[in-house]
């Protein structure tokens with residue numbers, strides 16, 4: 001395996017308090033993207049804290065020591081900038097995209113939001129209701145429910161299994177003091193990366209970042225023990241659903257390890273209408289309108305995921321076909337399909353390199369996992385060299401594991417009783 005190379009045009013510096021400045025040169029652009037990444041998310045939360053990272057992200061925009069909520073919004077929007085934020089399992093991110101002439105304003109605004117949030121009690125009560133509405137909508141979404149069950153089937157009681165949005169009782173309970181204590185503990189210099197992508201002067205950016213984020217204490221790295229994969233079957237019926245949403249998957253390596261073969265296998269199996277999954281399930285058998293396969297990888301672990309939505313009476317046949325098709329990939333790989341998969345992954349990667357916010361996020365996650373931003377060219381080389389034998393071996397490793405299965409929506413008693421046995425029987429009768 002090749003030793004990792006650093007991505008050209010990318011620079012990383014570290015301030016005395018541990019804050020890293022990440023710059024990505026994208027010459028010729030009139031806009032600039034500024035993102036702040038904090039190494040804290042739902043996987044860093046205790047059960048009692050579940051959902052607090054997401055609440056903090058919402059509340060960060062509700063006021064600082066020098067700006068109220070309205071001023072924060074106006075300062076960005078009067079410059080024509082787009083402001084956004086999100087919380088994930090392994091990080092929280094704050095983004096601004098606007099004109100490159102306003103770069104310094106963007107860095108200072110995000111620095112104020114991340115370091116000096118006041119989390120006003122009155123704003124917390126209003127935002128609590130907004131998040132509870134978001135939670136209710138998420139709970140009524142059958143596909144989202146299926147994925148939450150799938151995570152639990154994979155990781156059991158580990159924090160990685162819990163939903164980012166958290167649990168209702170916690171959201172209803174969180175106090176301003178709890179939010180402030182969480183931020184003080186988690187939002188520290190060693191866990192913060194400030195990324196800027198565009199037609200920029202890296203040294204000028206470094207000076208802006210180090211001045212704007214100087215108030216962060218160094219802190220210790222927010223590290224979490226990886227989960228132990230479990231596998232198993234979970235299901236939940238939701239009133240009003242007319243379809244069954246199914247998720248089937250297996251463990252794969254996380255971002256710290258090589259998973260090129262599993263990545264190619266997922267693209268070969270279920271990316272695009274000509275993939276075996278879509279061709280067989282949708283085009284030839286009419287078992288699903290929506291079906292897909294992906295290799296989802298985080299810092300701690302990864303999942304090979306097959307998802308589909310089907311009629312309740314077709315659930316058993318759908319699982320039979322999915323496992324049969326995967327077993328076929330473990331026996332023989334179609335060379336045209338392999339070429340398609342590698343080319344699709346190449347195009348997807350190259351398109352991502354054209355998107356500043358996406359490039360910054362990929363680079364930040366690399367820094368957290370590897371301590372450096374790995375070369376995109378080297379990743380493409382690795383994907384290009386994945387051959388049929390590697391993909392077959394990856395599929396065999398998947399089928400050797402106990403699967404994680406989740407059903408949500410309209411789940412019949414027959415499907416709930418029979419699906420786990422169908423999957424296990426077909427998996428065990430596959431390649432040895």
Could you state the principal axis extents of the C-alpha atoms in the range 53-126, from the largest down, to the nearest angstrom?
36, 28, 18
Using alpha carbons only: equivalent-ellipsoid semi-axes of the range 160-313, gyration tensor based, whole Å
39, 24, 16
Relative to the longest principal axis of the C-alpha atoms of the chain, give the angle of the C-alpha long axis of helix 142-155, reported between 0 and 90° and rounded to the nearest 10°.
90 degrees
Using Cα atoms only, what is the angle between the long axis of helix 315-331 and the major principal axis of the chain, expressed in degrees (0 to 90) to the nearest 10?
90 degrees
Just the number: Rg to Rh for the range 86-164, Cα atoms, Kirkwood Rh, two decimals.
1.09
Is any residue of the range 209-246 close enough, with backbone N under 20 Å, to a label point placed 7 angstrom from the Cα of residue 46 along the Cα-Cβ axis, and if so, which?
220-227
Select one label from (i) 37, 33, 21; (ii) 101, 25, 19; (iii) 39, 27, 18: the one whose number is semi-axes √(5λ) of the Cα gyration tensor in Å as derived from the coordinates shown.
(iii)
Distance between the range 279-312 and the range 1-60 - C-alpha centres, whole angstrom
30 Å
Debye intensity ratio I(q)/I(0), log10, the range 1-44, q values 0.22, 0.25, 0.29 Å⁻¹ (C-alpha model)
-0.99, -1.04, -1.09
From the C-alpha gyration tensor of the range 232-428, pull out the three semi-axes of the equivalent ellipsoid (sqrt of 5λ each), sorted largest to smallest, in whole Å.
30, 19, 16
Label residue 388 and residue 140 with points 7 Å out from Cα along Cα→Cβ: what is the distance between them in nm?
5.1 nm
Estimated inter-spin distance, residue 354 and residue 289, nm [label 7 Å along Cα→Cβ]
3.0 nm
Subtracting the Cα-Cα distance from 0.36 nm times the residue separation, let me have the gained length for residue 317 to residue 126 in nm, one decimal.
64.1 nm
Reduced to Cα centres, the span from the range 391-406 to the range 324-383 in Å works out to 20 Å
To make sure I understand, if each residue's beta carbon is the centre and we count other beta carbons within 10 Å, what order do 273, 59 fall in, fewest to most?
273, 59
Cα convex hull of the range 44-95 - mean projected area over all directions, nm²:
4.1 nm²
When only alpha-carbon atoms are used, what values of Rg and Dmax, in angstrom, describe the range 10-212?
17.6, 49
Is the range 336-432 best put as rounded, prolate or oblate by its Cα gyration tensor, with a ≥ b ≥ c the root eigenvalues, rounded for a/c under 1.5, and otherwise prolate when a/b is larger than b/c, oblate when not?
prolate
When 349, 62, 148 are ordered from fewest to most other Cβ atoms inside 10 Å of their Cβ, what list results?
349, 62, 148
Please arrange 167, 44 by counting, for each residue, the other beta carbons lying within 10 Å of its beta carbon, fewest first.
167, 44
Report the FRET efficiency, 1/(1 + (r/R0)^6), for residue 215 and residue 347, where r is their Cβ-Cβ distance and R0 is 45 Å, rounded to 0.05.
0.60
Full-extension gain between residue 428 and residue 176, please, as 0.36 nm times their residue separation minus the C-alpha to C-alpha distance.
85.5 nm
To the nearest 10 degrees, how steeply does helix 376-385 sit against the main Cα axis of the chain, on a 0 to 90 scale?
10 degrees
Relative contact order for the range 269-309 using alpha-carbon pairs under 8 Å, separation at least 6, rounded to a whole percent?
32 percent
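All of the numbers you see were taken from the coordinates with simple rules; none came from a lab. Source: prediction; values computed, not measured. Quick reminder, even Gly has a Cβ in these numbers, built from the backbone with ideal geometry, and neighbours come from all protein chains shown.
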